[in-house]
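Some notes on the structure that comes next.
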Amino acid sequence: MPARILIAEDNRASLELVEYLLGTRGYTTRAASNGGEGLRIAREMVPDLVICDLQMPVLNGYEVVRVLKADPLLGPIPVIALTAYSMPGDRDKAIAAGFNGYLSKPIDPETFIAEIEHFLRPELRARRTENGSQSEP
Ligand code: MN
């Protein structure tokens, strides 16, 4: 069963791209446009993976991951940081804050799925189709 993935991202274009890339691979997605909504939906759906923008209204990504990782039920879920402000040290700061992984924008459609699937147990990864639905360079 392909993973159910929560995306918390306030940038509409970025959110739509991530939803599109995951959806066409067979993943179920839920979207939140700020950190508070992200936490509410996380508690409701208990996703298999969370993709979380760092700069968001209400609660930012650091605040979201802190709450998720302190929760006994939600803590084990992989949380991937997504940010437009990629500076030296950002990755280490995100990992130190509790994120399991880090992706910087702009999103590369060629590598995005593979990068996300790295954080999913094999049984949660979408099956490849016969002709290969993942585009090759
Ligand atoms: Mn943002």
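Structure above, values below:
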{"item": "Listed residues PRO109, PRO88, PRO78, most fluctuating in the chain (Gaussian network, C-alpha, under 10 Å)", "result": "PRO88"}
{"item": "Gain upon complete extension [ASP92, ARG4; 0.36 nm per residue less C-alpha separation]", "result": "29.0 nm"}
{"item": "The chain: Rg to Rh, with Rh as the Kirkwood radius over Cα pairs", "result": "0.95"}
{"item": "Simple Cβ-charge dipole of the chain, Lys/Arg +1 and Asp/Glu -1, about Cα centre, in debye nearest 20", "result": "320 debye"}
{"item": "Accessible surface of GLU16 - all protein chains present, 1.4 Å probe, nearest 10 Å²", "result": "90 Å²"}
{"item": "Region 7-66: C-alpha gyration tensor shape, a/c 1.5 cut-off, then a/b vs b/c", "result": "oblate"}
{"item": "Charge sum, other residues only, whose C-beta stays under 12 Å from GLY26's C-beta, Lys/Arg counted +1 and Asp/Glu -1", "result": "+4"}
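The values are calculated or read from the model by the stated rules, or taken from the named source; none is laboratory data. If you're wondering where the values come from, they're calculated on a predicted model, not measured in any experiment. Please note: Cβ atoms are built from the backbone with ideal geometry, for glycine as well, and neighbour counts cover all protein chains shown. Side chains are part of the model used for accessible areas, which takes the heavy atoms of the whole protein and leaves out ligands, DNA and RNA. Shrake-Rupley method; radii C 1.70, N 1.55, O 1.52, S 1.80 Å.
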